[in-house]
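The values are calculated or read from the model by the stated rules, or taken from the named source; none is laboratory data. Nothing here was measured: the structure is a model prediction, and the numbers come from that model. Virtual Cβ from ideal backbone geometry, glycine too; neighbours counted across all protein chains shown.
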Amino acid sequence: MRKAGLLLGGCARTWKAVRMASSGATRQNPLANKVALVTASTEGIGLAIARRLAQDGAHVVVSSRKQQNVDRAVAALQGEGLSVTGTVCHVGKAEDRERLVATAVKLHGGVDILVSNAAVNPFFGNLMDVTEEVWDKLWEDKAREDSIKERMNIRRLGQPEDCAGIVSFLCSEDASYITGETVVVGGGAPSRL
């Protein structure tokens, strides 16, 4: 009986340690001393990812096609005490991509993480070229929004920050044994990849 009690006590301590580690309670800065390049990272999901990677200890280089967007994002993130720099980069132009990498190498000595937010949608083509007006027609329709929420398990639309945590986790050593998986950040909405 005493052996069973010791075994159960050991299991409980192990489970508590696993819970604490997975919640980040025991690990600070899982991306310390890593250098991350995040494209299209001055607003929305890209900005949320850049912020989270920097909060988790990475030196982040943000980018956008417009200098004023880069300047605004860098100022905001540095204002939060985060290690962030930035440069203009249109990912469709080789010289811009080269400058982005060169900036990271010059400032931080290399690149450990690359998060590319370039995406293509069959209805809109390159999503980076879609104006905010198109998205506002899609999401300002309250009936459409309610219909979408009704089909989702958690009954709310996603926020940019909902994507940032999983990206940071996948960039960390905690995910070093994960290979070839598809992670859907979709609030329980039916999805097929």
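Here the stretch 54-63 is the region considered, the condition is being out of contact with any Asp or Glu (no Cβ under 9 Å at 6 or more places or on another chain) and over 14 Å from GLY86 (Cα atoms), and the residue that is surrounded by the most Cβ atoms within 10 Å (Cβ to Cβ) is ASP56.
Here the condition is being at positive phi, modelled with pLDDT of 95 or more and not acidic (Asp, Glu); of GLY86, GLY110, GLY81, GLY125, it holds for GLY81 alone. Being of a type outside the set (A, V, I, L, M) and in contact (Cβ under 8 Å) with a residue 40 or more places away in the chain is the filter; apply it to the stretch 67-95 and report the residue that is farthest from LEU47 (Cα to Cα). Per the stated criteria, the residue is CYS89. When the residues of the stretch 79-97 are narrowed to those that are under 16 Å from SER116 (Cα atoms) and of a type in the set (Val, Ile, Thr), which ends up surrounded by the most Cβ atoms within 10 Å (Cβ to Cβ)? Residue satisfying both the conditions and the ranking: THR87. Any residue in the stretch 178-190 that is surrounded by 11 or more Cβ atoms within 10 Å (Cβ to Cβ) and not in a loop (DSSP other than H, G, I, E, B)? No, every residue in the stretch 178-190 fails to be surrounded by 11 or more Cβ atoms within 10 Å (Cβ to Cβ) and not in a loop (DSSP other than H, G, I, E, B). None of ALA75, ALA58, ALA40, ALA48 is within 21 Å of SER116 (Cα to Cα), out of contact with any Pro (no Cβ under 6 Å at 6 or more places or on another chain) and modelled with pLDDT of 95 or more except ALA58. Which residue is modelled with the highest pLDDT, if the candidates are limited to the stretch 149-169 and must be exposed (fewer than 15 other Cβ atoms within 10 Å of the Cβ) and of a type outside the set (Lys, Arg)? Filtering first and then ranking leaves GLU161.
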